[in-house]
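S.K.: Here you go, one structure.
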Amino acid sequence: MLINLTINDLLTEMWGVLKGINWITDILDIALVAVILYGAIKLIRDSKAMQLVKGILFLAVLFALVTVLKMQASSYLFSMLFGNLLLILVIVFTPEIRNALESVGRTSVFNIGNLLQIGKDDSRIQEQMTFTINAVCKEVSELSDSKTGALIVFEKDTNLGEIIKTGTLIDASVTPELLGNIFYPKAPLHDGAVIIRNSRVAAAGCILPLTFNSNISRELGTRHRAAIGMSEESDAIIVVVSEETGAISFAYKGRLKHGISESELREILTNQFLSAEKVEKDSRRSRKKNKEEK
């Protein structure tokens, strides 16, 4: 009887809790908190922020210990520290918070740039991008063969206006000859990066932010570190040609893929900037041309 009564009381309590739930706002509230926590964990995972979190947790345990032991001087210092913890976290995690906000702004829901593209000639845009990709891949292959260093940034949704201002404005069509002249070792702009915006060379000789990731191989030079740093702060795709080895690499979302071929680079850029319909159409056209030649 006691067990049945206990179970009945438990069920009654549970029913009371369920009746008190607002199935719209409360569920949305829980879902929002879950998304925020998931985003925070994803943001700090596998980054220097994770080490900072471990340090803060260690200080919290130490604070609890000195409080239990009634160590007055240490307790006072820790109380001052944790009393301003929110301000300290904002300062320490400024780069991570900025990246998170930029990631939110790059989502399709807030991407005003995509909305402004409505009504434009999509086929013309696709053709211009195809021409740009072909020109870049052709010249990157030439630069690789001659071991000429190069750094090319493809702007996507993140506006790179601040980076463009650090270089020389050009606003010209992308051609192999133009890229070759820019990255010619004795040219005044060869050390900086070329920014490609809307299938045009927006600027050259631009300065990119270097990555602070300590896990990157020491064998990578300044160009590769700049490429990774730019990809950490934006959704841009950065192409790098090594001056020492001639190897082609590309950086995207904080990761660097080293030693790719011209065909691999073309495939990467095509998948990123051309629609699936355009890619399939070009593939069918290429297969048809090959059959006719045979």
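S.K.: Please rank Val33, Val140, fewest neighbouring Cβ atoms within 10 Å first, as an exposure proxy.
M.R.: Result, fewest neighbours first: Val33, Val140.
S.K.: In nm, give the distance between the simple-model label positions of Lys186 and Val61, each being 7 Å from the Cα along the Cα-to-Cβ direction.
M.R.: Here the answer is 6.3 nm between the modelled labels.
S.K.: Sort Thr12, Thr175, Thr211, Thr245 by Cβ crowding within 10 Å, fewest neighbours at the top.
M.R.: Listing Thr12, Thr175, Thr211, Thr245 from fewest to most nearby Cβ atoms yields Thr12, Thr245, Thr175, Thr211.
S.K.: Here's something else I'd like to know. Any of Lys147/Lys253; Lys54/Lys156; Lys156/Lys186; Lys138/Lys165; Lys147/Lys186; Lys165/Lys253 with alpha carbons more than 24 Å apart? Name them for me. Kindly include the intermediate steps, with their values, before the conclusion.
M.R.: Values: Lys147/Lys253 26 Å; Lys54/Lys156 34 Å; Lys156/Lys186 30 Å; Lys138/Lys165 27 Å; Lys147/Lys186 14 Å; Lys165/Lys253 22 Å.
The answer is Lys147/Lys253; Lys54/Lys156; Lys156/Lys186; Lys138/Lys165.
S.K.: Using Cα pairs closer than 8 Å and at least 6 residues apart in sequence, work out the relative contact order for region 120-288, in percent.
M.R.: 26 percent
S.K.: Assuming R0 = 41 Å, what is the FRET efficiency of Asp235 and Ser74, from their Cβ-Cβ distance, to the nearest 0.05?
M.R.: That pair, Asp235 with Ser74, gives E of 0.35.
S.K.: Now for a different question. Just to check I understand the Karplus step: with θ = phi - 60° and J = 6.51 cos²θ - 1.76 cosθ + 1.60, what whole-Hz values come out for region 55-71, glycine and proline as x?
M.R.: x, 5, 5, 5, 5, 5, 5, 5, 4, 4, 5, 5, 5, 5, 7, 6, 8
S.K.: Let me ask something else. How do Phe78, Phe154, Phe58 rank when sorted from fewest to most other Cβ atoms within 10 Å of their own Cβ?
M.R.: Least to most surrounded, the residues fall as Phe58, Phe78, Phe154.
No lab work stands behind these numbers, since they all come straight from the coordinates. Since we're looking at a predicted model, the values are computed, not measured. So basically every Cβ, Gly included, is an ideal-geometry build from the backbone, and we count neighbours across all protein chains shown.
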